[in-house]
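Engineer: Would you mind keeping the following structure in view while I ask a few things?
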Amino acid sequence: MARRYDSNPFDEEEDVNPFSNSASVPPALNSRLTPLSPEPAGFYNDRGLGATIDIPMDTTKDLKKRERELQAKEEELNRREKELKRREDAAARAGITIEEKNWPPFFPIIHHDIANEIPIHLHRLQYFAFASLLGLTACLFWNFIAVTAAWIKGEGATIWFLAIIYFISGVPGAYVLWYRPLYRAMRTESALNFGWFFLFYLLHIGFVIYSAVAPPIIFKGKSLTGILPAIDIMGDHALVGIFYFIGFGMFCLESLLSVWVIQQVYMYFRGSGKEAELKREAARGALRAAI
């Protein structure tokens with residue numbers, strides 16, 4: 001049975017003035033109407049209601065500044081391009097050719113462009129001269145292989161080291177001493193370059209003819225795959241002897257090709273009048289040396 005003074009739960013709550021003195025409010029109502037604590041200003045906004053958000057924006061001044069910088073860079077590139085063009089033109093007028101390495105294509109180490117730099121009527125002769133350079137490379141490489149086989153069979157390590165020296169010095173030496181002078185002579189019609197070619201190409205011919213015979217003088221024993229070492233080693237090691245005979249044949253072919261090349265170059269040299277020019281240059285050089 002409900003007590004007399006219990007409140008009716010279905011009755012509407014009495015209006016309570018929050019601004020009135022809380023002492024005059026009954027304790028039960030005062031406990032229900034305790035005001036909530038105020039929420040912080042940034043409860044729904046982590047940055048707070050009064051915080052400002054900085055949004056980076058390019059102003060017109062910044063855009064103009066960047067535009068000026070790009071224009072300055074473009075002008076600098078144009079200036080450098082004109083300067084490079086001027087130097088190339090000056091070098092071309094002075095007869096200086098910029099040689100860009102382009103051969104072999106997979107690993108360029110030399111400049112070689114017969115089709116575009118050598119006169120068309122000299123293409124065939126220049127290609128044969130280049131074949132002579134490649135032939136010497138093949139001969140010395142095979143010589144290294146054959147001598148390596150002989151060394152394995154007990155012929156000593158000295159000949160193997162000499163074969164390496166022949167290869168690593170002979171190929172670059174041939175290119176620098178006689179092939180490049182011939183290439184430049186064909187390109188520029190320089191009588192002096194023709195003279196350098198004849199001098200060192202004669203030494204080249206002498207070397208390959210000597211290598212084809214390979215007598216046991218000057219060079220050590222069986223370090224060259226000539227006919228004499230091939231006959232000597234054939235009795236002890238047949239397979240190595242065959243390697244030496246192949247090297248002998250290669251040196252013979254290289255000798256024949258080299259003799260033909262120098263004949264053709266000399267015929268062109270005399271027919272073009274460069275022989276007389278070379279004699280005049282040699283006379284002037286001797287006169288200057290004497291003075």
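All of the numbers you see were taken from the coordinates with simple rules; none came from a lab. In this text the structure is predicted, and so the values were computed from the model without any measurement. Cβ placement follows ideal geometry from the backbone for every residue including glycine, while neighbour counts extend to all protein chains displayed.
Engineer: If R₀ is 30 angstrom, what is the calculated FRET efficiency for the pair Ser169 and Leu253, using the beta carbon separation as r and rounding to 0.05?
Structural biologist: Given R0 = 30 Å and the Cβ-Cβ separation, E is 0.85.
Engineer: Would you list which lysines come within 18 Å of Lys220, measuring only between C-alpha atoms, while excluding same-chain residues fewer than 8 positions from it?
Structural biologist: Lys153
Engineer: What is the set of long-range amide H partners of Trp103 at a cut-off below 5 Å, with H atoms built 1.01 Å from backbone N?
Structural biologist: Amide H to amide H, under 5 Å and 5 or more residues apart or across chains, Trp103 pairs with Ile109, Ile110, His112.
Engineer: Given the peptides 116-127, 131-142, arrange them by the average over their residues of other C-beta atoms within 10 Å, most packed first.
Structural biologist: 131-142, 116-127
Engineer: Let me ask you something else. In nanometres, what is the gap between the two model label sites at Ala238 and Leu134, each 7 Å from Cα along Cα-to-Cβ?
Structural biologist: In this crude spin-label approximation the distance works out to 3.5 nm.
Engineer: Efficiency by 1/(1 + (r/R0)^6): what FRET value for Leu70 and Glu100, r their Cβ-Cβ distance, R0 = 41 Å, to the nearest 0.05?
Structural biologist: 0.80
Engineer: A further question follows. Based on the Cβ-Cβ distance of Ile217 and Glu88, what FRET efficiency does E = 1/(1 + (r/R0)^6) give at R0 = 51 Å, to the nearest 0.05?
Structural biologist: Calculated value: 0.45.
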